[in-house]
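The structure appears below as structure tokens.
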């Protein structure tokens, strides 16, 4: 594979990765649905613009970490298709990273609601 390809070529690889991840991972589709609900909530509540920025960053972080988790799991399964305790721990750590960002996103949603409704 050649490095330093044109921007459109590199973008097509990234978009293919997004498409593949969303097709393969139910949790990413769940995050997409949750993002849609959060956007509706933002449109209804009309909070200060900084809340939009916080939500965009949070959603991007959760989706990015979920995609990294998907990539790590794929590499692990490719390298070691059989059950292996070390691989299990690697996958568990990656899943833990997703959990942390997801819990942070929930806390941010609650803070938004408290700020807007109280």
Subject >> All positions within segment 25-35 that are surrounded by 12 or more Cβ atoms within 10 Å (Cβ to Cβ) and assigned to a helix (DSSP H, G or I) >> reply: 27, 28, 29, 30, 31, 32, 34, 35
Subject >> Residue among 55, 63, 38 that alone is closer than 23 Å to residue 74 by Cβ, in contact with a helix residue (DSSP H, G or I) (Cβ under 7 Å, 6 or more places away or on another chain) and surrounded by 10 or more Cβ atoms within 10 Å (Cβ to Cβ) >> reply: 63
**OP:** For residue 34, indicate whether it is under 21 Å from residue 19 (Cα atoms) and at pLDDT below 95.
**Re:** yes
Original post:
part of a helix (DSSP H, G or I) and farther than 24 Å from residue 106 by Cβ, is that true of residue 19?
Top reply: yes
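The values are calculated or read from the model by the stated rules, or taken from the named source; none is laboratory data. Here the structure is a predicted model, which means the values were calculated and not measured. Ideal geometry is used to build each Cβ from the backbone, glycine not excepted, and the neighbour counts take in all protein chains shown.
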